[in-house]
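I have placed the structure first, in the form of structure tokens, so that the comments after it can refer back to it.
Please treat every number below as a calculation from the coordinates, not as lab data. Everything numeric here is computed off the predicted structure, so don't read it as measured data. We place every Cβ from the backbone using ideal geometry, glycine too, and count neighbours over all the protein chains shown.
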Amino acid sequence: MKFDMESKRLTFTKLNERDWDLFRSIHTNPGLMQHIRTLRSEEAIRNAFEKELDPWSLESSHWLTWIIREKTSSKQVGLISICSCKRAKRIAEVGFILLEAYQGKGYATEAVKCVIKFAVDAFSFERFIAVCSEEHLASRRVLEKVGMMLDEIVPENTEINGRLVNDCFYSLEIAVKN
């Protein structure tokens, strides 16, 4: 299956071996990770990267990750991923992270919309979920702009850098076409 896609301003290519530097730079950047997770060791990051290089299908337990690039410059913008959480119910989790230079341009919203459309068309997903820390206002705005609804805020649900943070759980139901 071909996983490459594009939107108005962006292209998306499935993560491959040549993308290690971007993956590593994102996962070792304290500013980018402050609302996501405690920084991991280089070995743990490498293991996660290599797992995401594996072939992906609905039965996969790992993320399907794309590199986001600007169409006009071909510069790397960030990463976006989906993961099948409840295959029988066609539910996928979506996650994204953009480099600081590309935040605030509407790229995250555009990317999430594109990936959701792809996942519905290619895999018939009917529901999407996303989780982010309550403090991560920019991510929350993106999720709301793409039509996700806040389902629940779970207090002190995730530990990031020794501090428990509240998590926001979002979802989006897709109308099934008959």
Note on the chain: contact order normalised by length, alpha-carbon pairs under 8 Å, 6 or more apart, percent, works out to 18
Going from the fewest other Cβ atoms within 10 Å to the most, one would list 145, 8 as 8, 145
Name the residue from 132, 119, 79 whose Cα lies farthest towards the positive end of the charge dipole of segment 78-132, charges +1 on Cβ of Lys and Arg and -1 on Cβ of Asp and Glu.
119
Cα gyration tensor of segment 5-173, axes a ≥ b ≥ c as square roots of the eigenvalues: rounded (a/c below 1.5), prolate (a/b > b/c) or oblate?
rounded
Treating only the Cβ atoms of Lys and Arg (+1) and Asp and Glu (-1) as charged, compute the dipole magnitude of the chain about its Cα centre; round to the nearest 20 debye.
620
For the chain, set up a GNM with springs between Cα atoms under 10 Å and report which of 92, 101, 130 has the largest fluctuation.
101
Segment 108-144-segment 1-74 distance, computed between alpha-carbon centres (Å):
15
